[in-house]
Structure formats: structure tokens, C-alpha cells
Amino acid sequence: MRFEYLIGIRYLRARRRERFVSLIALISLIGVALGTFALTVVLSVMTGFQEDLRDRLLAFNAHITVERAGVAETDLSALEKRIGALPEVSGVAPFLRSQVMAVSTTPAGLPAYVSGGTLRGVVASNNPVLTELNRTLAAGSRDTIERTHPVIIVDHGKKRTVELPGAIVGKSLASDLGLSIGDPMIVISPASLGAGAGAPRLRRFVVGGFFYSGMYEFDSSLMFVGLNQGRALLADDPQVASGLEIRLHNLFDAPAVDRQIAAIAGNSFKVSDWTQTNAPLFSALKLEKFTYFLVLLLIVLVAAFNIVATLVMVVMERRKEIAILRAMGARAGSIASIFLCEGAALGVGGTAIGVGLGFTASFLIGKYHLIHLPPDLFMVSAVPVRLYTTNFVAVAIAAIILCLCGAIYPALQARSLRPVEVIRYE
């Protein structure tokens, strides 16, 4: 072990008349530990929120969407097969999507509640894009949208039994409309209500299931019906988005696969991936995460200033020892290395303690859900945490660099001491 490191560690030890200097060194070490602790915990929580939000958004949104550029109907089966043959693609399915109005009825058959929503026409059976729907179903089953169900309705004061197609609606939307399993509802296409339009285009469905995703945007507006039933309702609506939904094995391959599919589909289709659709949201989350990193790094910066004060006082206390070392033949660079080693020891020690405690706290918060949140205000009931080595390594490197930078000025001051003048006056 080099003598610079041994002497630097020895200088940090307290003698009776130097306890104050060592106390400041201890405070500096605690400051670095607290800063890195807070930084690692916040980064783990922010990463958890970011990934949890991304997973919830992609629960009902495809990784890549291929939509018709015009209203003309084209056969999608050939394109579906070509896209499905790509090695990165895990599933392809047709879809349609449009804004609609949902109306619940009273037992007498009169309108009760009205709410706007988004209608999704999908293929329920063997649809790899809807894997998350099974996980979020609070009642009913997914295949209910492929079947018809006998329902008693009141029409002009008379009761009759009809076969209605099934629908799966968000739990909040069902609550707003006062719907239960087995209740009929009316879905109206807004395009059929415009000026000059004929009779409004509407269709009855029966509620066959509820889903709860934790995303209010989905739970309060989204409803799933069979693809053919959706086409029958929305055939004349120019605002209908229809095409193919694509899931990938690795969602981060979406930008690259997007370009491949665009080349395959041609100009008749518009291809977009999830990074483009939700770009503003995820950019805001990244900026927020980076801002928290910079703000909390200021805690470590304050601790680095304490290290500067500590080492400056050590240099003042050790002037005689430094002069003796120079007189014995120690180089100026070795003297500077002594105080750089002191700064590194404080930085590495505080960082190791803070990062270790931060990892432990983050692990416990994520595993045992120690911090609970009101689910009616937040989309999660407990704080989500994600542990990534890169976050902890980045915090450790940033903290150690700041501490080393704080040791540069005292090291240069010690290096510039002239042994002859010090010994003469000491």
C-alpha cells in the first residue's frame, strides 16, 4: 500500500486537540451518505413509476399500430401474414376504434345515463394483443364479446327477449352508467347525429364483463366489442381508425420494427409505434427524473464543500508534518496525493454507506409495499420500485467525482507549501 494513502487515513484520525476537525470529517461523510441514499431511493421510485405507467398504457395499446391512410376498405389478411412472419413480432390482430356515445336504460326501456367513450372492435379468440385484458378482468370473460346473450328488453311498453352481442366495459364507465353484468346498453355512432344525417346509427349490446386497469383514462371510457359488431355500427363513420395492432417480443424494438413494417405496408397505411404515440408523456417523465437527479445531487455537493473545509483545516493543522515530509524527500505530487486520498476515502466511504442503505430501503419498499397510496387518487395502491444497477452505479460515480473535485483545492494548497518557510516559523 502506498504511503500517501496510509498517511491520508492517519490524518483523518482524531487526536485529542484535533477532535473538531475529525467531527467535520464525520459530518462530511454522513452528508455524502444521506445524499446518495436519497438519490438512489428517488431514482428507484421514479423508475418504478415510469415503468408502471408505461406497462399500464401498453396494456390496451399495441406496440405498433398500422392504420388505413384512407377510408377505402382493403384486405388486411395478406399484410397481417407478412407482418406476423417478422421474427420480432409476437402477435398481430385486426382492430377498429372510434369515439361513441354509450346510453344505459331504465327497466321501462327509457334512457337513464349517457357517457362518451371509445369503442374498440377486436377479435377476442386467439388474440395475442389482448393478453392484458384477461389479467385486468374484474368480472366476466373475454370470449363474451364473441357470443350473443338472451336479454329481456322493454320496447314500446312490451317485454321481449332478444339476442344481443356482448361487450366488456371499464369498471368506472359501468359505474357512471349504472350498469351491471347482464344489463343492456345502447351504443350510438356520433357521425350519424350530424346535420343532414338520416336516422342515428345505434346498436344494442349486453354488458358481459368489467375490466379494471388502474388507468382512469381506460376504465372510464373504453369498451370492447366484437370486430364484426363494431363494423356494423361504425360502417359509415369517417373518423373510424381501423387496421392492425402489433405486439413485439421486446417493446424497445418498436422504432426499428416500425420502419420495417412501413416499408412492407406502403403508402396506403400509416404506421406508428408506442414511442411516437406517447412521446410527450415519456419525455416529460425522463425530464422529471433527470431534474430530481440534479436537485438531489446538490445534497452531495454540499457534503463535498464540507470535505473542502475539512481538508483545508487538516492542511493548516499538518503544516509541520507536510514540511518534514518534503524535507525527507517526498515529492510535491505525493503530498497532493495524500489529501486526494483523504477526499477519496470520505467520498467512497459515504457513497458506499448511502448506496447500500438506498438499495436496502428501495428493496424493502418494493417488496413489502411499505408506502401506501390512496388508489382513488393515484393509479397504484403502493409506491412502485425498480432496481437497476445502472442507477446505483451512476449515483456512486457522480458522488465520488464530486468528492474528489472537492479535495483538489486543499491538495494544491498542501502541494504549494515551502518546507523551509514552514520549519523556520514553526
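Quick look at the numbers
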item	result
Selection from segment 396-424 of residues that are part of a loop (DSSP other than H, G, I, E, B) and open to solvent by less than 90 Å² (accessible area, probe 1.4 Å)	Ser416, Leu417
Test set (1) at pLDDT 90 or above; (2) open to solvent by 50 Å² or more (accessible area, probe 1.4 Å) - Ser268 fails condition number	(1)
Any hit, segment 31-43, residues being open to solvent by less than 30 Å² (accessible area, probe 1.4 Å), in a helix (DSSP H, G or I) and modelled with pLDDT under 90	no
Val348 assigned to a loop (DSSP other than H, G, I, E, B) and modelled with pLDDT of 90 or more	no
Any chance Ser283 is among the hydroxyl-bearing types (Ser, Thr, Tyr) and either within 24 Å of Lys81 (Cα to Cα) or outside any helix (DSSP H, G or I) (or both)	no
Residue in segment 302-319 that is within 30 Å of Glu217 (Cβ to Cβ), touching a residue at least 24 places away in the same chain (Cβ under 8 Å) and open to solvent by 80 Å² or more (accessible area, probe 1.4 Å) present	no
Total residues in segment 369-395, condition at pLDDT 90 or above and not in a loop (DSSP other than H, G, I, E, B)	7
Selection from segment 242-259 of residues that are surrounded by 15 or more Cβ atoms within 10 Å (Cβ to Cβ) and either of a type outside the set (Asp, Glu) or not in a strand (DSSP E or B) (or both)	Ser242, Gly243, Leu244, Ile246, Arg247, Leu248, Leu251, Asp253, Ala254, Val257, Asp258
Qualifying residue in segment 201-215 (condition: part of a loop (DSSP other than H, G, I, E, B), open to solvent by 20 Å² or more (accessible area, probe 1.4 Å) and either under 21 Å from Ala112 (Cα atoms) or modelled with pLDDT of 90 or more (or both))	yes
Hits in segment 177-196 (condition: surrounded by fewer than 18 Cβ atoms within 10 Å (Cβ to Cβ), assigned to a helix (DSSP H, G or I) and either modelled with pLDDT of 90 or more or of a type in the set (S, T, N, Q) (or both))	Ser192
Any hit, segment 333-341, residues being touching an Asp or Glu at 6+ places or on another chain (Cβ under 8 Å), open to solvent by 20 Å² or more (accessible area, probe 1.4 Å) and polar (S, T, N, Q)	yes
Given (1) open to solvent by less than 40 Å² (accessible area, probe 1.4 Å); (2) assigned to a helix (DSSP H, G or I); (3) of a type in the set (A, V, I, L, M, F, W, C), number of the condition Val100 does not satisfy	(2)
Hey, Arg231 open to solvent by 50 Å² or more (accessible area, probe 1.4 Å) and touching a residue at least 60 places away in the same chain (Cβ under 8 Å) or not	yes
Hits in segment 390-422 - residues which are of a type in the set (Val, Ile, Thr) and over 22 Å from Ala344 (Cβ atoms)	Thr390, Val420, Val422
Scan of segment 216-226 for residues that are surrounded by fewer than 21 Cβ atoms within 10 Å (Cβ to Cβ) and part of a helix (DSSP H, G or I), ordered by number	Tyr216, Glu217
Lone unmet requirement of (1) surrounded by fewer than 18 Cβ atoms within 10 Å (Cβ to Cβ); (2) over 24 Å from Tyr216 (Cα atoms); (3) touching a Pro at 6+ places or on another chain (Cβ under 7 Å) for Gly91	(1)
Candidate set from segment 44-78 (those that are small (Gly, Ala, Ser) and surrounded by fewer than 18 Cβ atoms within 10 Å (Cβ to Cβ)); member that is farthest from Val355 (Cα to Cα)	Ala72
Top-ranked residue of segment 115-162 - restricted to ones that are among the hydrophobic types (A, V, I, L, M, F, W, C) and over 23 Å from Val240 (Cα atoms), ranked as modelled with the lowest pLDDT	Val154
Residue selected from segment 129-152 under the condition assigned to a helix (DSSP H, G or I) and among the polar types (S, T, N, Q), by the criterion farthest from Ile186 (Cα to Cα)	Thr131
Segment 410-423 residues that are more than 11 Å from Ala332 (Cα to Cα) and at pLDDT 80 or above, paired with ones that are assigned to a helix (DSSP H, G or I) and open to solvent by less than 30 Å² (accessible area, probe 1.4 Å) (beta carbon under 6 Å, 6 or more apart)	Pro410/Leu311; Pro410/Val315; Pro410/Phe339
Condition broken by Asn127, with the remaining ones in (1) touching a residue at least 40 places away in the same chain (Cβ under 8 Å); (2) crowded, with 18+ Cβ neighbours inside 10 Å satisfied	(1)
Residue match in segment 105-128 (condition: part of a helix (DSSP H, G or I) and under 26 Å from the mean Cα position of the chain (by Cα))	yes
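The values are calculated or read from the model by the stated rules, or taken from the named source; none is laboratory data. Model, not experiment: these values are computed from the prediction. For neighbour counting, all protein chains shown are included, and Cβ atoms are generated from backbone atoms with ideal geometry for every residue, glycine included. These area figures cover heavy atoms from the full protein model, side chains too; ligands, DNA and RNA do not enter into them. Shrake-Rupley method; radii C 1.70, N 1.55, O 1.52, S 1.80 Å.
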